[in-house]
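Since the structure comes first, as structure tokens, the remarks are kept for the end.
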Amino acid sequence: MDAARNDPGEVVVVGAGPVGLVTALLLARHGVRSLVLERHPRPYPLPRAVHLDDECRRILQNVGVADGFARISRPAAGLRLLDARHRTLAEFRRSGADGVHGHPQASLFDQPDLETLLLEAVSRQPRIRLRRGVRVTGVDAGGGVHWCETVGGWPGPENNQRTAGVVRAAAVVGCDGAGGVVRQALGSGLRRLAADQNWFVADLLGDPPVRVWDGVEQICDPARPATYLRVGERRMRWEFRMRPGETVSGLTGRLGELLGPWLPGGVGEREVLRTAHYTFRAVVARRWRRGRVLIAGDAAHLTPPFIGQGLGSGLRDAANLSWKLALVLHGRAGDPLLDSYQAEREPHATALIRLAVLAGAVMGSPAANVLRPAARAPVLGNRLTDRLLAGTSPPLRSGALVPARRPGLVGTLFPQLPLGSTTTDDENRLDDLLGPGFALLTLRDASPARIAGRAGRLGARVIRVPGSGLTVVHRWMTERRCEAVLLRPDRVVLDVT
Ligand SMILES: O=C(O)CCc1cccc(O)c1
């Protein structure tokens, strides 16, 4: 075979935040080289994202940092809505044990730790080149990425510029955040789902409040909605909605008063890592792709943080896009496959943003008290939990890859259940056994011709599920009357029989 003709070329990933790095790592897993261009000369040291769910931990697993992430994160007990006097209104429990996706349902961490892990993985990956201190200034229709290199500190005015050039890319993925240049190059406007809100955020290091409950607390107080969570052993985050006229310096001066319900003795010896003003936005880009120029993460959508799904939506973009882009660049699928990226991801991201907006509205509404009976009635509380948990990551809507006539399992993320034993076994995680491509899980030696043929055309790895009802996957499939399940590389069910 002609090696040059099979080279899928190099993708330029703009932005070396977690979404950009995971995109590059997943592309590498699918045999595609990338050049990651990052304007900041060094990783950004301050806290930002703090939460990922179990589905997103599978994505981290697939880029080889599962164990590292387990070391830098801690499972959270769930989410509680409290009233202004900190009495529980409702509780949504998360299991700290490995659940259906093989990981704890909610994990808290500090973003710089995650970036360090991902950067180490990138440095081990020969298919990725990372260049820092390079600002992308434009993307042209022919896939030319225009850049300039900046000298010294943070990218600044033009006189800081040393060299400039154009690099030709097989495709461009803009993971360059809310104000990124790639979305501008697409000419994409933003669809606003709710009004902006001003919030004050404080990150502290030191002794955490003495609390029995160890999950995320959302204070439903129309006068001052707030969030508290313990990110790490000694790392805490508070968020407070700002009132008109309030400033960061003013609220920083009143930190002891604001934190009083949690820290009655005041801030004391604790270190205030930073205080900041955040504008919480709920927006989705109208256009995610033009040709082979695409956007992902905050460049494509922004959410208020009230259900902790901002970074997760970006990682889901990376997981959805990377295998499709790889198939197209390897010449195994046509460009229309890329249409399914926005078609699948936009409704999913939008659903999570709407859920976050709803949570924020509850926190700011005097009507939140109607939830109190849910806290008293565990059955209702659990039902609500199940509803909200299930709703956290809805199945993909019908589209090119999820035909409307096959609802049910098709379009859902297949669980990561133990394949080889009845108990969870880290050595035998399903995704690791399935590898990066399509996979057919089958209960019999020979699958029905239709699905076997489809799997064959896609080059799927065929895995005969061992055990007769004894292994967890076998039981799961039998209970749902599936003989064979065809999985996409992102482990979404493509077909079932
Ligand atoms: O889903 C959960 O259990 C946690 C949700 C969460 C995480 C981080 C911040 C936040 O406001 C909510």
Checklist entry - What's the Kirkwood radius of region 424-497 in Å, using all Cα pairs? => result 12.4 Å
Checklist entry - For the peptides 190-196, 81-87, what is the packing order when you average, over each peptide's residues, the other Cβ atoms within 10 Å and list the highest mean first? => result 81-87, 190-196
Checklist outcome for this item: The exposure ranking of Cys148, Cys175, fewest beta-carbon neighbours within 10 Å first, is Cys148, Cys175
Item to check | Only Lys, Arg (+1) and Asp, Glu (-1) charged, at Cβ; the chain dipole about Cα centre in debye | outcome: 1100 debye
Checklist entry - Could you state the principal axis extents of the C-alpha atoms in region 193-342, from the largest down, to the nearest angstrom? => result 64, 34, 24
Checklist outcome for this item: Taking r as the C-beta separation of Thr279 and Ala367 and R0 as 30 Å, the FRET efficiency to the nearest 0.05 is 0.75
Next on the checklist: If neighbour count is taken as other Cβ atoms inside 10 Å, put Trp323, Trp476 in order from fewest to most.
Outcome noted: Trp476, Trp323
Checklist entry - Roughly what % of Cα-Cα distances in the chain sit above 46 Å, to the whole percent? => result 12 percent
Next on the checklist: Taking every pair of distinct Cα atoms and averaging 1/r, then inverting, what Kirkwood hydrodynamic radius in Å comes out for region 67-112?
Outcome noted: 12.0 Å
Checklist entry - Taking 0.36 nm per residue of separation and subtracting the Cα-Cα distance, what length does fully extending Arg290 through Ser249 add? => result 10.5 nm
Item to check | Only Lys, Arg (+1) and Asp, Glu (-1) charged, at Cβ; region 1-88 dipole about Cα centre in debye | outcome: 500 debye
Checklist outcome for this item: Both in Å, the radius of gyration and Dmax of the C-alpha trace of region 147-280 are 20.4, 59
Item to check | Two-site FRET efficiency, Leu358 against Val462, from Cβ-Cβ distance with R₀ of 51 Å, rounded to 0.05 | outcome: 0.75
Next on the checklist: Distances longer than 19 Å among the Cα atoms of region 267-370: what percent of all pairs is that?
Outcome noted: 54 percent
Checklist outcome for this item: Taking only the alpha carbons of region 6-112, the radius of gyration and the largest Cα-Cα distance, Dmax, both in angstrom, are 17.5, 64
Checklist entry - What range in the chain is the longest one free of GluC sites (Glu not before Pro) that are in a loop by DSSP and have at most 10 other Cβ atoms within 10 angstrom? => result 1-232
Item to check | Glu233/Arg191 FRET efficiency (R0 30 Å; Cβ-Cβ; nearest 0.05) | outcome: 0.15
Checklist entry - Hey, if you put +1 on the Cβ of every Lys and Arg and -1 on every Asp and Glu Cβ in the chain, which of Gly206, Gly411, Leu27 ends up farthest toward the positive end of that dipole? => result Gly411
Next on the checklist: Among Gly187, His146, Ile59, which residue has its Cα furthest toward the positive end of the charge dipole of the chain, with +1 on Lys/Arg Cβ and -1 on Asp/Glu Cβ?
Outcome noted: Gly187
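Read the figures in this text as sums done on the coordinates, not as results from a lab. Everything numeric in this text was worked out from a predicted model, so none of it was measured. As a convention, Cβ positions derive from the backbone with ideal geometry for all residues, glycine included, and neighbour counts pool all protein chains shown.
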